[in-house]
1. Taking strands (runs of 3 or more DSSP E) that fall entirely within region 1-63, which contain at least 2 residues that are farther than 22 Å from Asp91 by Cα?
2. Among the residues of region 168-193, count how many are farther than 11 Å from Ala99 by Cβ, in contact (Cβ under 8 Å) with a residue 12 or more places away in the chain and in a helix (DSSP H, G or I).
3. With respect to Gly62, is the statement that it is within 30 Å of Leu194 (Cβ to Cβ), in contact (Cβ under 8 Å) with a residue 24 or more places away in the chain and surrounded by 14 or more Cβ atoms within 10 Å (Cβ to Cβ) true?
4. Give the residue that is farthest from Phe59 (Cα to Cα), with candidates limited to residues of region 112-163 that are part of a loop (DSSP other than H, G, I, E, B) and polar (S, T, N, Q).
5. Collect the residues in region 194-230 that are surrounded by fewer than 13 Cβ atoms within 10 Å (Cβ to Cβ), basic (Lys, Arg) and in a helix (DSSP H, G or I), keeping them in residue-number order.
6. Is region 144-151 home to any residue that is more than 13 Å from the chain's Cα centre (by Cα), of a type in the set (S, T, N, Q) and more than 12 Å from Leu173 (Cβ to Cβ)?
7. Assess whether Phe163 counts as being over 11 Å from Gly106 (Cα atoms) and either surrounded by 13 or more Cβ atoms within 10 Å (Cβ to Cβ) or hydroxyl-bearing (Ser, Thr, Tyr) (or both).
8. Quick one: which of Arg41, Arg19, Arg8 is surrounded by fewer than 20 Cβ atoms within 10 Å (Cβ to Cβ) and within 17 Å of Gly84 (Cα to Cα)?
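The values are calculated or read from the model by the stated rules, or taken from the named source; none is laboratory data. It should be emphasised that the depicted structure is a prediction, and the values quoted were computed from it without experimental measurement. Positions of Cβ are backbone-derived with ideal geometry, glycine not excepted, and every protein chain shown enters the neighbour counts.
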Amino acid sequence: MDPVKTHREGAILEVTLDRPKANAVDLATSRIMGEIFTQFRDDPELRVAILTGAGEKFFCPGWDLKAAAGGDAVDGDYGVGGFGGLQEMCDLNKPVIAAVNGIACGGGLELAISADIILAAEHATFALPEIRSGTVADAASVRLPKRISYHVAMELLLTGRWFNAEEAHRWGLVNEIVPAKQLMDRAWEMARLLASGPPLVYAAIKEVVRDAEDSKFQDAMNRITKRQLRTVDVLYASEDQLEGARAFTEKRDPIWKGK
C-alpha cells in the first residue's frame, strides 16, 4: 500500500498522506513526499497542490515514533525538502493548500504551516507536544512566531497544549474553518481559483515574501525594482505581463500561459 497517494486534475495536484493508523511520517515516507513535491515544483503544467491526510481523524501527528523505535534516526535522511518533503523546499514557487482534516500535531502542524493557505475541518485539533518529550519543535520554533503573535506562539511552543480549529482561526493560523464533509470540496474550489490565476505572479510573490522575510523594507524593495530576483525578472519580461495589460484594456479575462 502506497503511503502517499496523488490525484491530478488539470493543473492541480492532490497529495494525500495515507499511513494507517495515524498518518505518521517515517523516513521512507518523507523521501517519497519530497519526490512528489519536487515533481510538482518542476512540472510546468502543475500550478497548485493540495496536501491532506486520509481518513477523518488524522491529518498528520508528525514523526513516526514506532519507526524511530525500530531504528529510524531522528536526524536521518528525510529527502528533498526536509521533513514531509515540504518543510524546507524553499524554492517551491507555487501555491500549496493544506486541508487539515483532523489532528495536526508536532511535525504534522509544522507541515501544515509550511503551506501557503490552511483550511481546517471543524473538528481539527493542533498541538506542538515536543516540549513534553524533551525535544524541540525546530521548524515550528522558526515559523510560528512569524505566522502569529509572538507571545501566543511562545505559549504554544513552551506548553505543548492542544487547541482547536476555532482558536487556530482566531490567532490567524488557519484561513478558514469548514465542515468536515465540505473540506475537500472547499480545498478544490480554492485550488481551481488559484489555478486560473497568473502563475508567474504567484512565483514572484512567493520569492519576494521569502526574500523580504529578514530584510529591511528598502533593501527588499531595491532588489525588486532592480530586478535582482529571478522570478520578478522573468515576470517583467514575460508574455503574461503584456497579456494582463491587454486583457485589462480590452475588458476581458486574461489567458495566462506561464511564460
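1. Values: elements: 4-9, 12-17, 48-53, 58-60.
Once the strands (runs of 3 or more DSSP E) in region 1-63 are filtered for at least 2 residues that are farther than 22 Å from Asp91 by Cα, what remains is 4-9, 58-60.
2. Of the residues in that region, 3 qualify.
3. Answer is yes for this residue.
4. Looking only at region 112-163, we keep the residues that are part of a loop (DSSP other than H, G, I, E, B), and these are 113-116, 122-124, 128, 134-137, 148-149, 160-162.
Among the residues that remain, those that are also polar (S, T, N, Q) are: 114, 135, 149.
Details: Ser114: 14, Thr135: 21, Ser149: 24 Å.
Taking the candidates together, the pick is Ser149.
5. Residues satisfying the conditions do not exist here.
6. Within region 144-151 (the criterion being more than 13 Å from the chain's Cα centre (by Cα), of a type in the set (S, T, N, Q) and more than 12 Å from Leu173 (Cβ to Cβ)), the answer is no, since none of the residues qualifies.
7. Numbers: over 11 Å from Gly106 (Cα atoms): yes; either surrounded by 13 or more Cβ atoms within 10 Å (Cβ to Cβ) or hydroxyl-bearing (Ser, Thr, Tyr) (or both): yes.
In short, yes.
8. Numbers: Arg19 fails: surrounded by fewer than 20 Cβ atoms within 10 Å (Cβ to Cβ); Arg8 fails: within 17 Å of Gly84 (Cα to Cα).
Every option except Arg41 fails the conditions.
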